[in-house]
Amino acid sequence: SARVILDDKGAISEIHLVGSAGRKAKQIVRDTESLLYARFGIRIDYRRISLVQLDAPNVSLVPSRLIFVSASASPQAENCVRVVLQSDGRTYEGVASVFTEAHQDAQANATAQATIGAVQQAIGEMARLAVQEAKHVSANGQNVSLVVIHALTSQGEECLTGTCLVRDQPLDAVAKATLDAINRRLPVWFRASNGNRATFSMGSQVKAPRID
């Protein structure tokens, strides 16, 4: 990720970057200088570029966003709901049991549970997630999937909510509502869980580790 700070005249005064430890700091800073000049014709002193490199194990494997692929019910064969997610070319699958005669809200709950199962495969111990409620509600004449998630992280407990309009496939809407609740929190959890293992550098000069 990156953030650019401008001065009162609109010129770049600072650039703050977050990257993995897979490449040398000098290479990332030089790439940034080259990109700015080649793409925008802007020259900037490397000393204005601040780089944070996260060197925690498997940092590159933690997704910044999960994408919905499919949600399907197979009550005749397995009495389950199966949800498939994807991120950065990796696929994650979650399964939850549901009774054949289950009403709509029970199927919604099972779909949310299956989605959480796939999410946990992707994020590991970064957060522990549980479905508090998943149901379809009516709002302004529209059928909406509403999901409430409990999250336990290094920062404490959180209550997350997500919604999605129900169109052709109710199970799809539940899985998307679950991701709506979770995806926006992934970068925050990631920074919190890896903050104590971050290496700061300004150009080629290493500073003392610190996370604001």
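The values are calculated or read from the model by the stated rules, or taken from the named source; none is laboratory data. Just so it is clear, the structure is predicted and the values come from calculations on it, not from any experiment. Heads up, the Cβs are rebuilt from the backbone with ideal geometry, glycines too, and the neighbour counts pull from every protein chain shown. Ligands, DNA and RNA are excluded from the accessible area calculation, which covers all protein heavy atoms including side chains. Shrake-Rupley method; radii C 1.70, N 1.55, O 1.52, S 1.80 Å.
Residue separation of GLN120 and SER138 scaled by 0.36 nm, minus their Cα-Cα distance, works out to 3.5 nm of gained length.
The simple Förster model, with R0 at 30 Å and r as the Cβ-Cβ distance, assigns GLU14 and LEU152 a FRET efficiency of 0.30. Phi angles across the stretch 126-139 convert, under the Karplus curve 6.51 cos²θ - 1.76 cosθ + 1.60 with θ = phi - 60°, into 3J(HN,Hα) values of 4, 7, 9, 10, 8, 7, 8, 7, 8, 7, 9, 10, 9, 9 Hz, Gly and Pro given as x.
Entry comment: accessible area of the stretch 122-177 is 53 Å² per residue, from protein heavy atoms only and a probe of 1.4 Å. At a 1.4 Å probe radius, carbon and sulfur cover how many percent of the accessible area of the stretch 116-192? Ligands and nucleic acids excluded, carbon and sulfur reach 46 percent. Reported to the nearest whole Å, the Cα centre-to-centre distance from the stretch 102-171 to the stretch 34-51 is 42. Counted residue by residue at 0.36 nm each, then reduced by the alpha carbon distance between them, the extension gain from LEU6 to ASP31 reaches 7.0 nm. Under 19 Å from a label point 7 Å along Cα→Cβ of THR163: give me every residue in the stretch 101-144 with its amide N that close. Only 105, 108-109, 112, 132-144 fall inside the zone, counting backbone N under 19 Å.
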